[in-house]
Amino acid sequence: MKLKICIALAALFLSCSNDKKQTETVQQTVEFKSDILLEKTVTKPFSALNPETEHEFTLTISGKNVLSGTATFKVTDETGEEVECKTFPAKQLIQKEYITANSALQEVHIREVVDTYFEEGSDLAFL
């Protein structure tokens, strides 16, 4: 009788000592790397002919750095559909006065251009 109890207890301890439980799940961490460096978005009418229809205008600079990056100008309508999309080198945003400037000044200038791109009176708006 004692032997049966010892065997039963040993079997119970062995079955409970399993380190891996079947209910455990493996969690994976995924790191998202975004290459968007700068972005400016405004919502306003697409044309003076139809001021009731608002569109979203976005200028994005993406890439490894601002000077070698790619600029994307995108217009989407109220439903989120793309109306227009232009892609060009970000260096095209540099105004004539800054073409001969060093790279640090050019980068600061591009940041300022993106920040003020959609303001009234901007020379570069809607390239």
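The values are calculated or read from the model by the stated rules, or taken from the named source; none is laboratory data. Everything quoted here is computed from the prediction, not taken from an experiment. Counting neighbours? That spans all protein chains shown, and the Cβs are built from the backbone with ideal geometry, glycine included.
Scanning segment 63-98 for residues that are small (Gly, Ala, Ser), buried (at least 16 other Cβ atoms within 10 Å of the Cβ) and not in a strand (DSSP E or B) yields Gly69, Ala90. In this structure, Tyr117 does not qualify as at pLDDT below 95 and touching a His at 6+ places or on another chain (Cβ under 9 Å). A single entry from Ala104, Ala90, Ala71, Ala125 fulfils the requirement of being closer than 18 Å to Leu38 by Cα, touching a Gly at 6+ places or on another chain (Cβ under 8 Å) and either modelled with pLDDT under 95 or not β-branched (Val, Ile, Thr) (or both): Ala90.
How many residues does segment 99-114 contain that are more than 23 Å from His55 (Cα to Cα), surrounded by 11 or more Cβ atoms within 10 Å (Cβ to Cβ) and among the β-branched types (Val, Ile, Thr)? The total comes to 2.
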